[in-house]
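Shown next, in structure tokens, is the structure this report addresses.
The values are calculated or read from the model by the stated rules, or taken from the named source; none is laboratory data. Note that the structure is a prediction, hence the values are computed from the model and not measured. Backbone-built Cβ (ideal geometry, glycine too); neighbour counts: all protein chains shown. Remember, those area values only see protein heavy atoms, side chains included, never the ligands or the DNA or RNA. Shrake-Rupley method; radii C 1.70, N 1.55, O 1.52, S 1.80 Å.
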Amino acid sequence: MASTIKLTEHVKGGGCGCKIAPEILHQIVSTLPNGLSKELLVNQGSKDDAAVIALNDSECLISTTDFFLPVVDNPYDFGRIAAANALSDVYAMGGRPILALAILGWPVDLLPIEAASEVMKGASDICRQAGVFIAGGHSISTSEPLFGLSVNGLVNKEHLKENHTCQPGNYLYITKPLGIGLLANAMKHKELSEDGYQQLIQHTTQLNTLGAELGKLSWITAMTDITGFGLLGHLSEMLGKDKGAILYNDKIPVIPEARQLAEKFKYPNITTNNYNFVKDRCEGLNGLEFLWLCDPQTSGGLMFTSTSEMAMDHCICIGRITDTGIISLQ
């Protein structure tokens with residue numbers, strides 16, 4: 001049954017590529033109160049990956065939610081990707097997830113209920129890998145299928161990592177190659193090879209559990225994950241207005257087929273929104289590299305900064321933080 005369902009044919013956009021454009025999102029949330037307290041340590045004001053509240057002097061609760069429209073056709077794979085993406089927000093704060101609730105919207109008159117069950121099964125299997133149970137949730141009837149999780153996690157206060165606390169001179173690292181949005185867009189248009197699809201599934205279902213280990217390291221100064229706003233968009237949020245970065249173009253990993261698709265100018269529409277958000281503070285974007293640097297990543301890798309160079313599996317140094325306010329590609 002699941003192999004005959006093509007979820008992406010029932011949606012306009014998919015995955016983190018269906019996010020609201022960053023400048024519009026910032027306008028929407030600008031009316032929310034931005035106060036912190038002794039207990040509330042992180043809220044939406046820093047554009048971080050999750051909210052954090054102190055439970056006591058040493059332990060904090062991380063709370064996040066993430067959902068989107070299908071990024072792949074297969075319901076089981078969609079559930080796995082959506083779950084890995086939602087869990088990533090806890091890992092990006094240096095924590096470990098402990099509980100998940102499902103968020104399901106399903107066009108019950110259009111798609112079989114069995115396909116929704118496959119989505120839930122995929123999500124459950126990924127959560128089991130993370131040591132988490134889906135303990136409930138909420139579902140509604142919608143015109144397009146959507147799925148995600150609300151996730152709670154725990155972190156020691158000393159291990160909490162935020163996205164905006166990097167300093168000039170820090171080294172910049174990422175943990176997954178870029179190009180997920182390019183692959184997903186090609187799949188939706190039936191232009192992705194089987195090897196490309198396997199690359200898509202491999203990277204999007206890979207849990208960012210490394211974040212919980214990085215959180216314990218005192219020399220890791222800031223951390224986030226790369227999702228719908230692309231590498232440059234999330235880097236811009238890390239830097240704020242005053243800090244900048246030098247990026248080493250030849251060090252940034254890109255999935256080979258994604259690079260080939262970019263060379264054919266086959267990319268998701270949100271890429272241009274992401275580019276417009278960062279272009280005024282970037283220099284050196286003279287070629288096609290903006291198509292993967294602004295590519296919307298679904299369940300992308302972690303991006304973090306360190307006070308010193310480090311050798312760790314899957315961690316690739318792609319640049320340095322500066323005090324210029326400019327992102328420079330070299």
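Just a few scattered comments:
- Order by protection proxy (mean Cβ within 10 Å, highest first), peptides 191-203, 151-163, 261-273, 291-303: 291-303, 151-163, 261-273, 191-203
- At 1.002 mPa s and 20 °C, Stokes diffusion of the stretch 59-184 via Kirkwood alpha-carbon radius, µm² per second: 137 µm²/s
- Assigned charges on the beta-carbon of Lys, Arg, Asp, Glu; the chain dipole about Cα centre (debye): 200 debye
- Each Lys or Arg adds one and each Asp or Glu takes one away; over the other residues whose Cβ falls under 14 Å from the Cβ of Gly215, this sums to -4.
- From the Kirkwood radius over Cα pairs of the chain, Stokes-Einstein at 10 °C and 1.306 mPa s returns a whole-number translational diffusion coefficient of 80 µm²/s.
- Accessible area per residue (1.4 Å probe, heavy atoms of protein chains only) ranks Met310, Met120, Met93 as Met120, Met310, Met93, with the largest value leading.
- Anisotropy class of the stretch 130-231 from Cα gyration tensor, a/c 1.5 cut: oblate
- Enclosed volume per residue, in Å³, of the convex hull spanned by Cα atoms of the stretch 190-330: 113 Å³
- Computed over the alpha-carbon atoms, the stretch 39-106 gives an Rg to Rh ratio of 1.04, Rh here being the Kirkwood radius from the mean inverse distance.
- A Cβ-based charge dipole, computed about the Cα centre of the stretch 151-245 with Lys and Arg at +1 and Asp and Glu at -1, lands at about 160 debye.
- Residues in the stretch 79-94 that a label on Phe133 would reach, taking backbone N under 20 Å of a point 7 Å out along Cα→Cβ: 83-84, 87
- With N counted as the residues of the stretch 247-330, its alpha-carbon radius of gyration over 2.2 N^0.38 Å works out to 1.15.
- Local net charge near Ala123, Cβ-Cβ under 11 Å (Lys/Arg +1, Asp/Glu -1): 0
- Extending 7 Å from the Cα toward the beta-carbon at both Asp313 and Lys251 defines two label points whose distance is 2.2 nm.
- Inverse mean reciprocal Cα-Cα distance (Kirkwood Rh) of the stretch 79-131, Å: 11.9 Å
- Helix-only mean residue ellipticity at 222 nm for the chain, each DSSP H run of n ≥ 4 adding -39500 (n - 2.57), per residue, nearest 500: -8500 deg cm²/dmol
- Residue among Leu214, Leu288, Leu61 with the largest mean-square fluctuation in a Gaussian network model of the chain, springs linking Cα atoms under 10 Å: Leu288
- With K and R counted +1 and D and E -1, the other residues having a Cβ less than 14 Å from that of Tyr248 yield a net charge of -1.
- Scattering curve values for the stretch 206-276, log₁₀ I(q)/I(0), Debye with Cα scatterers, q = 0.15, 0.19, 0.25, 0.28 Å⁻¹: -0.71, -1.07, -1.34, -1.35
- Largest mean-square fluctuation among Asp280, Asp48, Asp89, in a Gaussian network model of the chain whose springs join Cα atoms under 10 Å apart, belongs to Asp280.
- Dipole in debye (nearest 20) - the stretch 95-221, about Cα centre, beta carbon charges: Lys, Arg +1; Asp, Glu -1: 460 debye
- Using a Gaussian network model of the chain in which every pair of alpha carbons under 10 angstrom is joined by a spring, one finds that among Ile140, Ile180, Ile98 the greatest mean-square fluctuation is at Ile140.
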